[in-house]
Amino acid sequence: MNAVATPSIIHARTTAVFTCILAALAGLMFGLDIGVISGATSFIQKEFQVSDHVIEWIVSAMMLGAAAGALGASWMSAMLGRKRSLILGATLFVAGSLLCGAAGSAQMLVIARFVLGLAIGIATFTAPLYLAEVAPEKTRGAMISLYQLMITIGILVAFLSDTAFSYNGNWRWMLGVIAIPGALFLLGLFFLPDSPRWLMMRGRTQQAKDVLNRLRGDEGLANRELADIAEQLSTPQRGWHLFQENANFRRSVGLGVLLQLMQQFTGMNVVMYYAPRIFENMGYDQHAQLWFTAIVGLTNVLATFIAIGLVDKLGRKPILYTGFAVMAVGLGVVGAMMHAGIASHAQQLFTVGMLLTFIVGFAMSAGPLIWTLCSEVQPLKGRDFGIGCSTFTNWIANMIVGATFLSLLNGIGNAATFWLYSGLNLIFIALTFWLVPETKGVTLEQIERNLMAGLPLRKIGTPPAASHASAPHRMDAHATAQESA
Ligand code: BGC
């Protein structure tokens, strides 16, 4: 902490920061991918003359691909390594976006979006893993926050670029242009070092040591970290077996799955994918729809800072309660306005304001916090498996939300669709109360001990009676900003 910053340490810090920023760019790709489709759907629908149902498939094929990619990535990142997995992900990203831009039919577009999804599934599994493994202990949290923030920035950039291309109606450019940041990202990846933890897993200790020396610029520190990694690796990952034989582990896996279901069924991605359509239903013309969508993206970025600033002060549960309540009110009022009929300009703006309120509710709470919690509640031995299950659930639920929204609008109507999501957010307040633990300021070891002792899920974040006893825990893959060292 009080080491003199020698040139080698400064050089090492620069290398580490560069490495993390580059890996965090995977978050940007994730965001671009989520955001890019919303502005394009109306133009695609016009050109290919397809139904809402086909549009739902074009939107959702990406999430299906992502679910498959996330599944494959856990195997691939162990076999090929994190760096090569990221390279493969980025290559698929470039190929997928170019294919989207060139698609000659709706079917082709579905396939291209699936390829894009594979890319993102790989990146969303591998990038946080890699980040947690290369970031220095002290800045690891901040680096992972950066990743989360990058997702929202990616969504915003995609919304802005869609808006710009909407003036000539060129959906092919909207979908194809993201190949450019993808290609830059791909090039940058070749300069990344391999993850020291992965090198150790493959028995390449000397290489792991070299990488750590380069990243930390301090041999003593690098050796200590190497010893830490060796110790961690002595706890073998035995997720599936543990799942079969240990009821407490099944509870934590169930909790991770539930948390991601809650995140997705807030309805956030309904707005991410279909915002222009929602603004159309409020009576706005095409350009206004896209500009408001860009404002949605900006609100999402800015409100993420609220979560980053508050999570360690207020704790997870108060923020989740607030977020779900804000979302329930926001969507409830949007539904009511649609029910009553939006006639005047003031009513339009008020409804937009309520939709933005909903976005703030998500970005300040469930957006970042669910990922945090999912990484905190799994025991070390089953962490990869547990996080794999919850990430997979995230994408499957994401797909269901994306694949049903237009059908819901057409089936039960605008107001009822928003009320449905509003009601779900109310239920999530109750579920948070009953099932979600408060994990603020508790070590991951303590959470694991409580879980395995059979404490109810909502109590697994209880600090030990003789607090101070447990030393801060070294964070594992997918660890997050909010668990401070
Ligand atoms: C969610 C995504 C969502 C994004 C919006 C993430 O935490 O997992 O599904 O699109 O937040 O910012």
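The values are calculated or read from the model by the stated rules, or taken from the named source; none is laboratory data. Note that the structure is a prediction, hence the values are computed from the model and not measured. Backbone-built Cβ (ideal geometry, glycine too); neighbour counts: all protein chains shown.
Would you check if there is a residue in region 452-459 being surrounded by 21 or more Cβ atoms within 10 Å (Cβ to Cβ), out of contact with any Phe, Trp or Tyr (no Cβ under 6 Å at 6 or more places or on another chain), modelled with pLDDT of 90 or more and not hydrophobic (A, V, I, L, M, F, W, C)? Step through it out loud before you land on a result.
Let us first name the residues in region 452-459 that are surrounded by 21 or more Cβ atoms within 10 Å (Cβ to Cβ), namely none.
No, every residue in region 452-459 fails to be surrounded by 21 or more Cβ atoms within 10 Å (Cβ to Cβ), out of contact with any Phe, Trp or Tyr (no Cβ under 6 Å at 6 or more places or on another chain), modelled with pLDDT of 90 or more and not hydrophobic (A, V, I, L, M, F, W, C).
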Residue match in region 169-190 (condition: under 17 Å from ALA294 (Cα atoms), modelled with pLDDT of 90 or more, aromatic (Phe, Trp, Tyr) and part of a helix (DSSP H, G or I)): yes
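Given the criteria polar (S, T, N, Q), closer than 19 Å to LEU424 by Cα and in a helix (DSSP H, G or I), does ASN300 qualify? Show your work before the answer.
Numbers: polar (S, T, N, Q): yes; closer than 19 Å to LEU424 by Cα: no; in a helix (DSSP H, G or I): yes.
Judged against the criteria, ASN300 is not a match.
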Condition set small (Gly, Ala, Ser) and buried (at least 21 other Cβ atoms within 10 Å of the Cβ), scope region 311-339, selection nearest to the chain's Cα centre (by Cα): answer is GLY323
Which listed residue is crowded, with 22+ Cβ neighbours inside 10 Å and of a type in the set (Ser, Thr, Tyr), from THR266, THR235: THR266
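Take the residues of region 18-41 that are of a type in the set (Val, Ile, Thr), in a helix (DSSP H, G or I) and within 21 Å of the chain's Cα centre (by Cα): which is surrounded by the fewest Cβ atoms within 10 Å (Cβ to Cβ)? Even if it seems obvious, please write down each step before you answer.
First pass over region 18-41, keeping only residues of a type in the set (Val, Ile, Thr): 19, 21, 34, 36-37, 41.
The next check asks that each one be in a helix (DSSP H, G or I); those that pass are 19, 21, 34, 36, 41.
This time we only want the ones that are within 21 Å of the chain's Cα centre (by Cα), so: 19, 21, 34, 36.
Working: THR19: 23, ILE21: 14, ILE34: 25, VAL36: 27.
Only one residue tops the list, namely ILE21.
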When PHE265 is run through (1) under 30 Å from VAL401 (Cβ atoms); (2) more than 16 Å from the ligand (Cβ to nearest atom), the failure sits at (2)
Pairs under 7 Å by beta carbon, first residue farther than 18 Å from ILE306 by Cα in region 145-159, partner within 11 Å of the ligand (Cβ to nearest atom) and of a type in the set (Lys, Arg), six or more apart or different chains? none
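Does any residue of region 239-252 turn out to be within 16 Å of the ligand (Cβ to nearest atom), within 27 Å of LEU424 (Cβ to Cβ) and not aromatic (Phe, Trp, Tyr)?
Kept after step one, since they are within 16 Å of the ligand (Cβ to nearest atom), are these residues of region 239-252: none.
No; the residues of region 239-252 include none that is within 16 Å of the ligand (Cβ to nearest atom), within 27 Å of LEU424 (Cβ to Cβ) and not aromatic (Phe, Trp, Tyr).
Return yes or no: is SER365 at pLDDT 90 or above and crowded, with 19+ Cβ neighbours inside 10 Å?
Numbers: at pLDDT 90 or above: yes; crowded, with 19+ Cβ neighbours inside 10 Å: yes.
Considered against the rule, which asks whether it is at pLDDT 90 or above and crowded, with 19+ Cβ neighbours inside 10 Å, SER365 comes out as yes.
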Return yes or no: is ILE295 farther than 25 Å from ILE400 by Cα, within 16 Å of the ligand (Cβ to nearest atom) and free of Cβ contacts under 8 Å to residues at least 60 places away in the same chain? no
Whether any residue in region 20-33 is β-branched (Val, Ile, Thr), in contact (Cβ under 8 Å) with a residue 24 or more places away in the chain, closer than 27 Å to PRO193 by Cα and more than 16 Å from the ligand (Cβ to nearest atom) is what I want to check. yes
Does region 82-101 contain at least one residue that is at pLDDT below 95 and not in a helix (DSSP H, G or I)? no
Mind checking which residues of region 88-126 are more than 19 Å from the chain's Cα centre (by Cα), over 15 Å from ILE180 (Cα atoms) and of a type in the set (Val, Ile, Thr)? VAL110, ILE111
